[in-house]
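Q: The structure is given below, and queries will be raised subsequently.
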């Protein structure tokens, strides 16, 4: 079951017009969330704050209230929580409608975290980096990835690290946690990891990160809402099997999470 403009349907109703701004101009913002313990939504208010902020950045006018959408998401989770599984929630917002979908979350096996992932790279920089919006670049870069790669990480033309296609990127050097501050979407999971590191007295630097620093890192890992903290095992000529800091942060990544 899904929610469309506050009403619940078994499947998406055919109400989207080609004249809507989301169809003509791609003017649509979204957020992806997940549940823990089958019903607890990961920082719902933080995600909805960013949804509204993304709409404001892109000049999308909307009449929907955050509280209304929040209550509909909670209701949809209650309705769809019949299998005893955690859910992956996606909320879309444009000037003409909002929609919420909640489907079973595909949990990654422990091998995924134990063995780490391979990432590749591209030169790319999103416009409106502080907004999360519909963008054909997501699908395009996924289609370009080699089968062995889980994620593509981006650098700008000056070799400055930005973000991953679906994640934020961190490196560890001399036990300090380093991540880009500018030109990236400030993920809710990113903020959680930063606050967790500070709580553990791990030094955190938010600044420009150059490609040569990434290739000299002691660890690389990526974060996103549904996968949490994922270590990188291989990035081009760089390779590593020591995931000490990433594993520690994932172990401390519990719900509810301390966001300050």
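Just so you know, all these numbers are worked out from the coordinates, no wet-lab data involved. The structure displayed is predicted, hence computed values, not measured ones. Please note: Cβ atoms are built from the backbone with ideal geometry, for glycine as well, and neighbour counts cover all protein chains shown.
Q: Considering every Cα-Cα pair within the range 49-192, what fraction, in whole percent, is farther apart than 19 Å?
A: More than 19 Å apart: 64 percent of the Cα pairs in the range 49-192.
Q: With only alpha-carbon pairs counted, each pair once and no self-pairs, how large is the Kirkwood hydrodynamic radius of the chain in angstroms?
A: So the Kirkwood estimate lands at 19.3 Å.
Q: Could you check what % of the DSSP bridge pairs in the range 143-218 are antiparallel, to the nearest 5?
A: The antiparallel proportion sits near 65 percent.
Q: Would you mind pulling out the separation of the Cα centroids of the range 237-253 and the range 5-25, in Å?
A: About 42 Å separates the Cα centre of the range 237-253 from the one of the range 5-25.
Q: For a quick check: sort 173, 7, 144 by the number of other beta carbons within 10 angstrom, fewest at the front.
A: 7, 144, 173
Q: Continuing with this model, one more query. Angle, helix 44-57 long axis vs. longest principal axis of the chain, Cα atoms, 0 to 90°, nearest 10?
A: 80
Q: Relative to the present Cα-Cα distance, how much length would full extension add between residue 83 and residue 135 at 0.36 nm per residue of separation?
A: 15.5 nm
Q: Same structure again: Let me know the shape class of the range 108-260, please: from the alpha-carbon gyration tensor, a ≥ b ≥ c as square roots of the eigenvalues, rounded when a/c is under 1.5, otherwise prolate if a/b is greater than b/c, or oblate.
A: Judged from the Cα gyration tensor, the range 108-260 comes out rounded (a/c under 1.5).
Q: Whole-Å semi-axes of the range 2-104's equivalent ellipsoid, largest first, each the root of 5 times a Cα gyration tensor eigenvalue?
A: Calculated on Cα positions only, the semi-axes equal 23, 16, 10 Å.
Q: Along Cα→Cβ, 7 Å out, is where each label goes; now give me the distance between the ones at residue 90 and residue 8 in nm to one decimal.
A: 2.1
Q: I'd like the distance separating the alpha-carbon centroids of the range 39-88 and the range 91-107, in whole Å.
A: Using only Cα atoms, the two centres lie 8 Å from each other.
Q: Moving on. For 79, 178, 89, which order do you get if you count the other beta carbons within 10 Å of each Cβ and list the fewest first?
A: 79, 178, 89
Q: Just to confirm the number: angle between the C-alpha axis of helix 66-80 and the first principal axis of the chain, 0 to 90 degrees, nearest 10?
A: 90
Q: What's the angle, to the nearest 10 degrees (0 to 90), between helix 188-199's Cα axis and the longest principal axis of the chain?
A: The answer is roughly 40 degrees.
Q: Moving to a separate point now. What percent does the relative contact order of the range 110-251 come to when contacts are Cα pairs within less than 8 Å and at least six residues apart?
A: 26
Q: Ok, one more. Please check: in the Gaussian network model of the chain (C-alpha springs, under 10 Å), which one of 58, 67, 28 has the largest mean-square fluctuation.
A: 67
Q: Sort the range 18-59 into rounded, prolate or oblate with this rule: let a ≥ b ≥ c be the square roots of the eigenvalues of the Cα gyration tensor; rounded if a/c is under 1.5, and if a/c is not under 1.5, prolate when a/b is larger than b/c, oblate otherwise.
A: oblate
Q: Per the helix-only calculation at 222 nm, which mean residue ellipticity applies to the chain, given -39500 (n - 2.57) for every DSSP H run of n ≥ 4 and division by its residues, nearest 500 deg cm²/dmol?
A: Computed mean residue ellipticity for the chain: -8000 deg cm²/dmol.
Q: Counting other C-beta atoms within 10 Å, which of 98, 64, 9 has the fewest, and how do the rest follow?
A: 9, 64, 98
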